[in-house]
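Report on the structure given below.
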Amino acid sequence: MKFNPADKIQDLQYFGEFGGVNPSISDSSTYTFLAAKSMIDTFEGNLEGCYLYSRHTSPSNLYLGQALAAMEGTESANVSASGMGSISSVILQLCSQGDHIISSRTIYGGTYAFLKNFTPKFGISNSFVDITDLAKVEASINDKTKILYCESVSNPLLEVADIVKLGKLAKKYNLALVVDNTFSPLQISPASLGADVVIHSLTKFINGTSDTVGGVICGTGEFIDSLRNVNDGASMLLGPVMDSLRSASVLKNLRTLHIRMKKHSENALYLAKRFEEDGYKVMYPGLKSHPQHALYKSIYNPEYGYGGLLTLDAGSLEKADDLMELMQERNLGYLAVSLGFYKTLFNAPGTATSSEIPQEEQKQMGLTDGLIRFSIGLDNNIERTYAEMKECMEKINILKVTPVEM
Ligand SMILES: *Cc1c(COP(=O)(O)O)cnc(C)c1O
């Protein structure tokens, strides 16, 4: 049977100290040892099942890491205090001074800023490329290249990466393919397609309640151990540790991820189809008009659909702003960054979540001023939501691409 990420999560069972149906939360930063020798062995990473200090690992963080490794089909995983904590740790672990990274040009604004403005301070250089153009990706590889970096479904343009082909390219040149899978948990399983490292911002769909930030790195046991190494591990030494109380609550939310993802996808597909029929300029991987629709269909786990994100081009920033304010007034969603909440969230990424990317580059990649990114919520009656959104869109008179039938 085909790998099903949600079944893998469900198969994991943890009991609390007194038979609780949830694992006990480890409310300690440090742990006692009965024998002094065991402490030395633990420091050297030679003792399984012993805890040293919670920046290194804690029982609660290991439970959550195990569940996420099961979901992604990797040997191991390490949770962090944020998605950026995971991304920066992976990059600094894999690269040394003089190394080079090839990254998709359409990525999360924070990742873009980290690669563009931060890593050069350490002599790590970057090429930002159109990740859908494999010839260009290959031509950018040099003998210092260490990482191929992309998002399965990119932020904010919803470009889909051909992970299978990128994985083959990475193998051929001995690079690490690092994939941020934040936009498509359960829908796409990058490790099974050829990714070496899979990252998530847990802040988004996986936690799903917009009450915390968090991140995870999924990879081989060897790589995850290297990140936690007390002497030279980026996760250990940079210190982006998640608190145990939080990892316990994220684990509980993870238990319902499959139900939520199906509903997010169902609602987003419904709206995308209707908006497109109405002649609006909508982008959604589930629409035949999406440039990588066929690619997405060839790699996804169908029961979780095409995801909760869609974009709509209102035509100008003014119209985008007017539409978002009106929709918020009508309680159809919130004008807010982030995604994966029960409520629909929207923002104009050109001036918000992707504002780190210079105007000129935004234009090149097709990020227009009027683009609105929607993270569609868990609305019970999406027909009702559609009717009200349509009223707002007509009132603001946003851009239409095809003539309307009378
Ligand atoms: C939000 C986000 C991040 C960063 O995660 P934080 O938890 O905010 O640090 C990284 N990648 C993508 C695709 C995101 O949406």
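The values are calculated or read from the model by the stated rules, or taken from the named source; none is laboratory data. The structure displayed is predicted, hence computed values, not measured ones. Every residue, glycine as well, gets a Cβ built from its backbone with ideal geometry; the counts of neighbours run over all protein chains shown.
Would a scan of the stretch 122-133 turn up a residue that is within 27 Å of THR256 (Cα to Cα) and either assigned to a loop (DSSP other than H, G, I, E, B) or away from the ligand (no atom under 16 Å from the Cβ) (or both)? It would help to see each step written out before you state the result.
Filtering the stretch 122-133 down to residues within 27 Å of THR256 (Cα to Cα) leaves none.
No, the stretch 122-133 contains no residue that is within 27 Å of THR256 (Cα to Cα) and either assigned to a loop (DSSP other than H, G, I, E, B) or away from the ligand (no atom under 16 Å from the Cβ) (or both).
Under the condition of being within 20 Å of SER152 (Cα to Cα) and among the hydroxyl-bearing types (Ser, Thr, Tyr), the residues counted in the stretch 306-342 number 3. Residues in the stretch 39-96 that are assigned to a strand (DSSP E or B) and away from the ligand (no atom under 16 Å from the Cβ): TYR53, SER76.
Could you say whether any residue in the stretch 10-27 is of a type in the set (D, E, K, R), closer than 22 Å to GLY219 by Cβ and surrounded by fewer than 16 Cβ atoms within 10 Å (Cβ to Cβ)? For the stretch 10-27, residues of a type in the set (D, E, K, R), closer than 22 Å to GLY219 by Cβ and surrounded by fewer than 16 Cβ atoms within 10 Å (Cβ to Cβ): present. Just one of the numbered conditions (1) within 13 Å of the ligand (Cβ to nearest atom); (2) under 22 Å from ILE224 (Cα atoms); (3) not aromatic (Phe, Trp, Tyr) is not true of ILE163: (1). Annotation for the stretch 136-146: no member residue is closer than 30 Å to GLY305 by Cβ, more than 16 Å from the ligand (Cβ to nearest atom), outside the structural domain of LEU287 (by TED's automatic domain parsing) and acidic (Asp, Glu).
Quick check on TYR173: is it away from the ligand (no atom under 14 Å from the Cβ) and among the aromatic types (Phe, Trp, Tyr)? I'd like the intermediate steps shown before the answer.
Working: away from the ligand (no atom under 14 Å from the Cβ): yes; among the aromatic types (Phe, Trp, Tyr): yes.
It is true that TYR173 is away from the ligand (no atom under 14 Å from the Cβ) and among the aromatic types (Phe, Trp, Tyr).
Of the strands (runs of 3 or more DSSP E) lying entirely inside the stretch 154-256, the ones with 3 or more residues being of a type in the set (Val, Ile, Thr) and at pLDDT 95 or above are found at 197-201.
Of the residues making up the stretch 202-252, those that are under 28 Å from TYR173 (Cβ atoms) and within 16 Å of the ligand (Cβ to nearest atom) number 7.
From the list LEU367, LEU339, LEU309, LEU371, exactly one residue is in contact with an Asp or Glu (Cβ under 6 Å, 6 or more places away or on another chain) and within 16 Å of the ligand (Cβ to nearest atom). Which is it?
LEU371
Screening TYR51 on (1) out of contact with any helix residue (DSSP H, G or I) (no Cβ under 6 Å at 6 or more places or on another chain); (2) modelled with pLDDT of 95 or more shows it passes everything except condition (2).
Return the residues of the stretch 97-113 that are among the aliphatic types (A, V, I, L, M), in a loop (DSSP other than H, G, I, E, B) and either surrounded by fewer than 22 Cβ atoms within 10 Å (Cβ to Cβ) or more than 9 Å from the ligand (Cβ to nearest atom) (or both); say none if nothing qualifies.
Keep residues of the stretch 97-113 that are among the aliphatic types (A, V, I, L, M), which gives 101-102, 107, 113.
Next, from what is left, pick out any that are in a loop (DSSP other than H, G, I, E, B): 107.
Result: no residue meets the conditions.
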